[in-house]
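> Take a look at the following structure, please.
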Amino acid sequence: MKTLVVDDSGVMRKIIIRCLNGCGLTDHVEASDGLKGWEAFQSDHFDLVLTDWNMPEMTGLELLQEIRGSGSTIPVFMITTEGEKGKVVEAIQAGVTDYLCKPFEQAELQAKIDKLVAV
């Protein structure tokens, strides 16, 4: 699976990629904000997008809306500190596949990926 990891924190991108590697997913492209993520999404094929919510240029929610607006059904995981119910509902209504609150454990991400692959 080729993954797109979108987060404005370089440290968080490295943490997410380390977790993905631990899950057996080793083909990644990184983007430092939603706009760069959208550009990467348009120019390559991905099997999974993992995005933060709060980023400059374009938020993760806006990125999700662009992805869904393009007609894509690619799985998109929101990995964010935005854990209140209203934000989760907003992401679900926008078409998010799954949601992880920071900080998270690799086992949590692994369970979500396993669920995705089993479908």
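The values are calculated or read from the model by the stated rules, or taken from the named source; none is laboratory data. None of the values given here were measured: they were computed from a predicted structure. No Cβ is skipped: glycine too gets one built from the backbone with ideal geometry, and neighbour counts run over all protein chains shown.
> When the stretch 39-63 is examined, which residues are found to be under 16 Å from Met1 (Cβ atoms), part of a loop (DSSP other than H, G, I, E, B) and β-branched (Val, Ile, Thr)?
First, pick out the residues of the stretch 39-63 that are under 16 Å from Met1 (Cβ atoms): 40-41, 44-51.
Next, from what is left, pick out any that are part of a loop (DSSP other than H, G, I, E, B): 44-47.
Within the stretch 39-63, none qualify.
> Also, I was wondering about something else. Please determine whether any residue of the stretch 82-101 is in a loop (DSSP other than H, G, I, E, B), over 16 Å from Leu4 (Cα atoms) and of a type in the set (Val, Ile, Thr). Steps first, please.
We begin by selecting, within the stretch 82-101, every residue in a loop (DSSP other than H, G, I, E, B); these are 82-84, 95-97.
Narrowing further to those that are over 16 Å from Leu4 (Cα atoms): 82-84, 95.
Imposing the further condition that a residue be of a type in the set (Val, Ile, Thr) reduces the set to none.
No, every residue in the stretch 82-101 fails to be in a loop (DSSP other than H, G, I, E, B), over 16 Å from Leu4 (Cα atoms) and of a type in the set (Val, Ile, Thr).
> Report whether or not Glu30 is surrounded by 15 or more Cβ atoms within 10 Å (Cβ to Cβ) and assigned to a helix (DSSP H, G or I). Give the derivation first.
Numbers: surrounded by 15 or more Cβ atoms within 10 Å (Cβ to Cβ): yes; assigned to a helix (DSSP H, G or I): no.
So Glu30 does not fit the description; no.
> Let me ask something additional. Consider only pairs whose beta carbons are under 8 Å apart and that are at least six residues apart or on different chains; among these, list those whose first residue lies in the stretch 76-101 and is surrounded by 14 or more Cβ atoms within 10 Å (Cβ to Cβ) and at pLDDT below 90 and whose second residue is of a type in the set (Phe, Trp, Tyr) and part of a strand (DSSP E or B).
Pairs found: Thr80/Tyr99; Val88/Tyr99.
> Sticking with this structure for a sec: Tell me which residues, restricted to the stretch 102-114, are touching a residue at least 12 places away in the same chain (Cβ under 8 Å) and in a loop (DSSP other than H, G, I, E, B).
Once the filter is applied, which keeps residues that are touching a residue at least 12 places away in the same chain (Cβ under 8 Å) and in a loop (DSSP other than H, G, I, E, B), the stretch 102-114 yields Lys102, Phe104.
> Right, next: If we keep just the residues of the stretch 40-53 that are over 12 Å from the mean Cα position of the chain (by Cα) and surrounded by fewer than 17 Cβ atoms within 10 Å (Cβ to Cβ), which is farthest from Thr97 (Cα to Cα)? Lay out the reasoning, then the answer.
Initially, the stretch 40-53 is screened for residues over 12 Å from the mean Cα position of the chain (by Cα), giving 40, 42-45.
From what is left, the residues that are surrounded by fewer than 17 Cβ atoms within 10 Å (Cβ to Cβ) are 42-45.
Values: Gln42: 19, Ser43: 22, Asp44: 20, His45: 18 Å.
Looking at the filtered set, the residue picked out is Ser43.
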